[in-house]
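Engineer: There's a structure below that I have some questions on.
Only the coordinates and a few stated rules stand behind these numbers; no lab work does. Computed from a predicted model, the values in this text were never measured in an experiment.
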Amino acid sequence: MNLVIEAPLSVAFDMKGNPKGRKPEKQNGKTRYWYVGLGCSAMVAATYLIKALSEIQVKNEIRLFEGFVSFKSKGKISNHSNDVLALRSSIKNPLQETIVRANEMKMDASDILSSAFKVSGMDYGVPPIIQNHG
């Protein structure tokens, strides 16, 4: 089963352990870093969801994907239903930049990228990011 969660599912740090943005989170001089604003809240909620899924011991394989809908056109009202449809559209009609794999997320080669859930004892690796700009 493929599970897309619109929340940061991976984190990045520099060599000194300071939080660092991931490539998809910076575009045209604007940033939506995982450690700033609502990203942290969504990541905490996702942690509880993933923990609950791990406790019920789902028999089928679950493949995680991070949904990233950001950098919307100015004046465009945020609508979660539209965000879900935009992510689905990104998968059905993918462009080259739609899917960002772990090896493409680091801003610098020395960045340390890991599962957002590692801090809570769960490490499911770094899932790909499905991005759509709404």
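Engineer: Which of (1) 92, 52, 25; (2) 60, 22, 20; (3) 41, 37, 27 is the computed Cα extents along the principal axes in Å for the structure on display?
Structural biologist: Read-out from the structure maps to (3).
Engineer: Considering only DSSP beta bridges with both partners in segment 2-132, what is the antiparallel share in %, to the nearest 5?
Structural biologist: 55 percent
Engineer: Take every Cα pair under 8 Å in the chain that's 6+ residues apart, average their separations, divide by the length, and report that relative contact order as a whole percent.
Structural biologist: About 38 percent, as a whole number.
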